[in-house]
Amino acid sequence: MLKDVSAKPTRIRTLDQLHRGDQIEARLSVGPSYDDVVIRRGSVQETAPGIGVVWIMDQLTGLRKAINADECTVWRVA
């Protein structure tokens, strides 16, 4: 039996690092003594680095969602 190996998440500092199809998470900081909370997870559909926005296909809802990189941190998970 094989173990499911997950990739180590990598923080995305600029949206230029993202490509269509990348699996990402948007995380929101809830306080200094807590870990970040995942608010969105999905695959990249389109990026607009000039305005700090990335659109994903949300895994939970199946809908296209916009993520503002000024409001949260973006992490590549696969």
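Within the stretch 58-78, residues that are of a type in the set (F, W, Y) reach partners that are surrounded by 12 or more Cβ atoms within 10 Å (Cβ to Cβ) and assigned to a loop (DSSP other than H, G, I, E, B) with beta carbons closer than 8 Å, at six or more positions or on different chains, in the pairs W75/P9.
Quick one: in the stretch 44-76, of everything that is among the basic types (K, R) and surrounded by 15 or more Cβ atoms within 10 Å (Cβ to Cβ), which residue is nearest to the chain's Cα centre (by Cα)?
Top of the filtered list is R76.
Can you pull out the residues in the stretch 65-78 that are farther than 20 Å from K8 by Cα and in contact with a strand residue (DSSP E or B) (Cβ under 6 Å, 6 or more places away or on another chain)? Matches in the stretch 65-78: K65, A66, I67, N68. If you go through the stretch 10-33 and keep only what is among the small types (G, A, S) and part of a loop (DSSP other than H, G, I, E, B), you end up with G21, S29, G31, S33. Among residues of the stretch 31-56 that are more than 14 Å from W75 (Cα to Cα), those with a Cβ under 8 angstrom from a residue that is surrounded by 12 or more Cβ atoms within 10 Å (Cβ to Cβ) and of a type in the set (D, E, K, R), sequence gap 6+ or separate chain, pair up as Q45/R64. Kindly indicate whether any position in the stretch 62-69 is of a type in the set (D, E, K, R), assigned to a strand (DSSP E or B) and farther than 14 Å from L18 by Cβ. The answer is yes; a qualifying residue exists.
Could you check, for the stretch 34-53, whether at least one of its residues is charged (D, E, K, R), assigned to a loop (DSSP other than H, G, I, E, B), touching a strand residue (DSSP E or B) at 6+ places or on another chain (Cβ under 8 Å) and within 14 Å of I12 (Cα to Cα)? Walk me through how you get there before you give the answer.
Let us first name the residues in the stretch 34-53 that are charged (D, E, K, R), namely 35-36, 40-41, 46.
Pick out the ones that are also assigned to a loop (DSSP other than H, G, I, E, B) and you get 35-36.
So of that shortlist, the ones also touching a strand residue (DSSP E or B) at 6+ places or on another chain (Cβ under 8 Å) come out as 36.
Going one step further and asking which of them are within 14 Å of I12 (Cα to Cα), we end up with none.
Within the stretch 34-53, none of the residues are charged (D, E, K, R), assigned to a loop (DSSP other than H, G, I, E, B), touching a strand residue (DSSP E or B) at 6+ places or on another chain (Cβ under 8 Å) and within 14 Å of I12 (Cα to Cα).
Throughout, read-outs are computed from the coordinates displayed, never taken from laboratory work. Fair warning: this is a prediction, and the values are worked out from it, not measured in the lab. With ideal geometry, Cβ positions are generated from the backbone for all residues, glycine too; neighbour counts draw on all protein chains shown.
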